[in-house]
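Only the coordinates and a few stated rules stand behind these numbers; no lab work does. Model, not experiment: these values are computed from the prediction. Reconstructed Cβ throughout: ideal geometry from the backbone, glycine too, with neighbour counts over all protein chains shown.
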Amino acid sequence: MNILLLSMPDSFEHMPSVAIRMPNGALTSLAGNVDPHHRVAVADLILVQRRVRETLERLVREIEPDLVGLSVMTFQRHTALRIIQLIRRLRPAARVVVGGYDASLAPDAYTDPSAGVDFIVRGEGELTFRELVRALERGADFTGVAGLSFKCGERFTHNPDRPVNGLDEGDVRLPNRGARVLKGYTMVGRQVDVVETSRGCTFDCSFCSIIEMRGRNFHTYHFDRVLADIRDARAHGARAIFLVDDNITLNVRRFEGLCRAIIAAGLNDLDYTVQAMTSAIANHGRTLAPLMRQAGFRYVFLGIENILDEDLEFLRAEAKNRRRGDGANGGNAAVTAIEYLHQNKMYVVGGLIVGNPTDTRAAIETNLDFVRRYVDVPYIQHPTPYPRTPMTKTFRDQGLIINEQLEDYDGTTAVVRTAHLDSDEIEFLRWRADRWIKLKHLPVALVHTPLFALRNGLKMLRYTFRGTTIRSILGLEDERKSFERYRALRRAERMYL
Ligand code: B12
Ligand code: SF4
């Protein structure tokens, strides 16, 4: 069977495609887990953002897919539905399957016959997709495939959920990176790839989709498998690795062991990026941070979320941001974590969420000041009511959601207001500060990859300051005019086909 797997072209503000184009780890994992006689092609459409239609026309012509799979996040739903219409026109006989966070958490969005979807894979995909392909090949029925929803006449049948995979039994095989048919992955000039070492999280932050997706649990791969995966990524040209684990720092001893294993295997010549909890780094930084550095970690995405207690409570993120040793209300762990990382020459990507229900202008400015002072790369977002998260319910109950257009749910478009501020004002405050804070780290990033800097430095600057004019920088024009220009450009960017 010929299979074409697609990730969506939509990117968001903090992932400028001139500098960051990351592969979708789900698709190569699916490709590695179907039976080997199938021909699978993986196309990350982020690599061809401005040539989506032509690329799809060419791929469908060359691959002649019997089955087309799409991986979709909520803010990409609109694009996904348009891509499906295009595929249907180009190859009416192909079956269409959707998976990923949006399809899993809002399957009803894909069941209308006009959507053109035949199958929905809910939750983890490897085994469900393997069984779906087998059933299609044999002409068997789909009723026994756990985790699958399938079209039966004009209606969908939803099979029972598939239990979460324990990962340690080896039934999830390594990804197939050889299936990729497009080129150009980059992390500021270094070819980047994604690797998983674990799945799941036992916390329940109110904004996060992970708990509804798979429940509160944590499962790990054996180190041998992780190292083999990293070696494979390197053999395919990667010089930077993003560890996409939901929360690798849940088990700090294991993470330390992984750092040692990377060093012992000589795989510490790659640049690693990882997501981490502030509490884990603050409480274990003395031993963990030097090991991370030695293993090649360069950027650490810290889930700081917010530095005000009231906001942390709303985000249900107090526990993961608490420093040990100061009693139950023992202070925010962010500064200590950042100090450990800086002492060990790593850079902090600071994930913060501003615009929560009780936020005032002062609350947002306090967080922005914190970012200015401590963080290397800002990753500031607005609370976004993704399907089925606890936060969505709260915002809806309080009548604070002011925008239901899901293509705007990209994290940097404010789609909710607070009790004190409207959404435009929230987004303006963030945007105004963000551009200048981003500038701070630009020279460091460019020195690390000088050739890339020469070719793309100006483009990156232009991207960061798009909409801004010299007149507004000099104070001769109201900054809100620049903001409106930026928003118009951003809206236009989102039209991928
Ligand atoms: C790593 C990661 C990133 C990375 C890398 C993205 C990449 N290219 O892979 C970065 C940092 C760039 C990123 C950015 C964003 N992310 Co992100 N990210 C994650 C994270 C941590 C892990 C995703 C992952 O790779 N998992 C490993 C793979 C193997 O698992 P998986 O993706 O779930 O895929 C499995 C199933 O879903 C299914 N499946 C998936 N696709 C398909 C397709 C088919 C056909 C089938 C059959 C099955 C299937 O099978 C797979 C294998 O089991 C998740 C979860 C979390 N805890 O926060 C968020 C998450 C996916 N991101 C999210 C969001 C919103 C974003 C951003 C919009 C904003 C943000 N919060 O940062 C941006 C947009 C990115 C862009 N395109 O510009 C949300 C999505 C919510 C939603 N309802 O859509 C999540 C869930 C986090 C959250 N807030 O809850 N992200
Ligand atoms: S700690 Fe991270 S992965 Fe876990 S629930 Fe919170 S945001 Fe999600």
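I want to check the label-to-label distance for Thr111 and Val444. Put each point 7 Å from Cα in the C-beta direction and report it in nm to one decimal.
Reported label-point gap for Thr111 and Val444 is 4.8 nm.
Would you list, by chain and number, the aspartates and glutamates whose Cα falls below 19 Å from the Cα of Lys440, excluding same-chain residues fewer than 8 positions away?
Those aspartates and glutamates meeting the cut-off are Glu13, Glu339, Glu365, Asp369, Asp376.
Skipping prolines and chain starts, which residues have an amide H placed within reach, meaning under 5 Å, of the one on Leu352, given they are 5 or more residues away or on another chain?
Glu305, Tyr379, Ile380, Gln381
Place a +1 charge on the Cβ of each Lys and Arg in segment 2-158 and a -1 charge on the Cβ of each Asp and Glu, then give the dipole magnitude about the Cα centre in debye, rounded to the nearest 20.
420 debye
Please compute the modelled spin-label separation between Arg39 and Arg491, points set 7 Å along Cα→Cβ, answer in nm with one decimal.
The modelled label-to-label distance comes out at 4.4 nm.
Counting each DSSP H run of 4 or more residues in the chain as -39500 (n - 2.57), what helix-only mean residue ellipticity at 222 nm follows after dividing by all residues, to the nearest 500 deg cm²/dmol?
-12500 deg cm²/dmol
R0 = 22 Å: FRET efficiency of Gln294 with Ala235, Cβ-based, nearest 0.05?
0.45
Which of the aspartates and glutamates could a cross-linker span from Lys320 if the Cα-Cα distance has to be under 12 Å and same-chain partners fewer than 8 positions apart are dropped?
Candidates past the 8-residue exclusion: Asp204, Glu305.
Using +1 at the C-beta of Lys and Arg and -1 at the C-beta of Asp and Glu, which of Gly215, Thr358, Gly457 has the Cα lying farthest in the positive direction of the dipole of segment 188-465?
Ranked along the dipole, the leading option is Gly457.
Give me the lysines in straight-line cross-link reach of Lys183: C-alpha distance below 25 Å, same-chain residues under 8 apart excluded.
By straight Cα distance, Lys183 reaches Lys459.
With just the Cα atoms defining each centre, how far is segment 433-487 from segment 257-336? Give it in Å.
29 Å
Could you give the length gained by full extension between Asp397 and Ala419, i.e. 0.36 nm per residue of separation minus their alpha carbon distance, to one decimal place? List each step's numbers first, then the result.
Details: separation 22, 0.36 × 22 = 7.92 nm, distance 1.28 nm.
That works out to 6.6 nm of additional length.
So which cysteines of the chain have no other cysteine's Cβ under 4.7 Å from theirs?
Cys152, Cys201, Cys259
Under the definition of Cα pairs under 8 Å and six or more residues apart, what whole-number percent is the relative contact order of the chain?
13 percent.
If packing is taken as the average number of other Cβ atoms within 10 Å across a peptide's residues, how do 207-218, 340-351 rank, most packed first?
Most protected by this proxy first, the peptides run 340-351, 207-218.
To the nearest 0.05, what FRET efficiency results for Lys183 and Arg361 with a Förster distance of 45 Å applied to their C-beta separation?
0.50
What order, most packed first, do the peptides 13-21, 89-97 have when packing is the mean number of other Cβ atoms within 10 Å of each residue?
On the way: 13-21: 18.1, 89-97: 16.6.
Most protected by this proxy first, the peptides run 13-21, 89-97.
How large is the dipole of the chain about the Cα centre if only Lys and Arg carry +1 and Asp and Glu carry -1, each at its Cβ, rounded to the nearest 20 debye? Don't skip to the end; give the middle numbers.
Details: 68 positive and 62 negative charges, 321 e Å.
Using Cβ point charges on Lys, Arg, Asp and Glu, the chain gives about 1540 debye.
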